[in-house]
Amino acid sequence: MPSEVIYNRIAMLRAERGISRRDLAEALGVHYQTIGYLERGEYSPSLHLALRIAAYFEVAVEVVFAVEPFPRLGAETG
């Protein structure tokens, strides 16, 4: 049975804001590869790191992380 997966929107939030993995990692005090592992779901963050990531993006932690897959965004744009 696979380990518990934590889904996230880190890559989407980074892309929206034009932030590189390296820049995010430096701001959080983690290795840039950690951001890649998080984005790919290969690593689940500690609660402390999850809260710091949400605070960095100035959103609620539930906006960034979930235990169920996020719904896919529609093809239509506003």
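The values are calculated or read from the model by the stated rules, or taken from the named source; none is laboratory data. Note that the structure is predicted; figures quoted are calculated from it, not measured. Cβ coordinates were reconstructed from backbone atoms using ideal geometry, including for glycine residues, and neighbour counts include every protein chain displayed. Accessible surface areas use protein heavy atoms only, side chains included; no ligands, DNA or RNA. Shrake-Rupley method; radii C 1.70, N 1.55, O 1.52, S 1.80 Å.
Couple of notes before you dig in:
- Identity of the residue in the range 1-23, over 17 Å from residue 63 (Cα atoms) and in a helix (DSSP H, G or I), that ends up most open to solvent (accessible area, probe 1.4 Å): 22
- Look at the range 18-39: where a residue is of a type in the set (Ser, Thr, Tyr) and a partner is open to solvent by less than 40 Å² (accessible area, probe 1.4 Å), sitting 6+ places away or on another chain with Cβ atoms under 6 Å, you get 32/25.
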